[in-house]
Every structure is written in C-alpha cells, then in structure tokens.
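Down below is the structure, laid out as structure tokens.
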C-alpha cells in the first residue's frame, strides 16, 4: 500500500469516526420560548431551539424545516417570509397548512467551510407571523422536523 493510499484510508476512517460520533450526540432536547405565556395573547414570538449537526453554524442536509404547532394555537393563513428566521436569516419561503408551517431554509451565501459540529439551531417565528397563544392554560408542544430528525419542544401557557 502506497503512502497516498494509506493517507486516504486514514482520512476516510477519521471522517467516518467523526461523523458517527457527531450523530451519536443527536437528536437532543428541544425548547420553545414564547414572548409571553399569557393565555390568548396575540402576535406572540416563538423561538424554538434544538441540538443538531451544523455546518459552520448552519443547518445542513435538508433545505426544508417543518414546524407543527399545537391545534389550539392561532395561526395566520399566511406568514411573511421575513417573519421566520433560521439562524438569524430570513426564511427562503414559508407555507401554511392548518397548524403546520413548512419553511424553506435560506440559500447559503459566501464560502462554505467543512466544520461540522453539534450545536444549537434556532428558529424564530416573530410576532409579525400572527401567532396567538391557546386560550386555555396548559402544557403544549411544538414539533420540529428537519430531514430525518424530529424534535418536540414543550411550552406552558398560564
């Protein structure tokens, strides 16, 4: 085996080990934070965070993210693209079907790096999206799906 083949083999084994060890840490818990937990509040900002693999701090893989909101949550018929931020950047597209928001991730800009690490992804649905809290107190859950990963983020209404 030549030096070139040995180097390639070592690199491939290291990459396989790194990738499997990163994936072993996910999926992790998710959290949901509301701008207010008051029952019946309107124009509420929802922030959902979850631990997953990020490439240079950005979600990688699937370019689509799905948020399933509780059936008692008020959801507008349409949500402006600028009202949903993924990692601080406006969504590429947002569609609404009942209590489900399907969000296209913004296209990557600039140079991409090869740094893949487990980190915290953050999705913010701003008050301009027209979300409204359930009218009854209780514990509710937002479900997030990105690629093959699914997360459940509970929140309480008072």
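Using the Kirkwood radius over C-alpha pairs as Rh, can you work out the diffusion coefficient of region 26-157 via Stokes-Einstein at 10 °C, viscosity 1.306 mPa s, in µm² per second? Before the final figure, lay out each step's value.
Numbers: Rh = 14.9 Å.
The diffusion coefficient I find is 107 µm²/s.
How far, in nm, would the chain grow between residue 135 and residue 71 when pulled straight, counting 0.36 nm per residue and subtracting the alpha carbon separation? All intermediate terms of the calculation are to be shown ahead of the outcome.
Numbers: separation 64, 0.36 × 64 = 23.04 nm, distance 1.14 nm.
Value of the extension gain: 21.9 nm.
R0 = 30 Å: FRET efficiency of residue 45 with residue 148, Cβ-based, nearest 0.05? Can you show the working numbers first?
On the way: r = 28 Å, r/R0 = 0.94.
Efficiency computed from Cβ-Cβ geometry: 0.60.
Between residue 97 and residue 118, with labels modelled 7 Å along Cα→Cβ, what's the label distance in nm to one decimal, could you check?
With each label placed 7 Å out from Cα toward Cβ, I get 3.2 nm.
If R₀ is 22 angstrom, what is the calculated FRET efficiency for the pair residue 64 and residue 36, using the beta carbon separation as r and rounding to 0.05? Walk me through the intermediate numbers first.
Working: r = 29 Å, r/R0 = 1.31.
Working from the Cβ atoms, E equals 0.15.
Where a number appears in this text, it was derived from the coordinates with a stated rule and is not lab data. The structure displayed is predicted, hence computed values, not measured ones. Please note: Cβ atoms are built from the backbone with ideal geometry, for glycine as well, and neighbour counts cover all protein chains shown.
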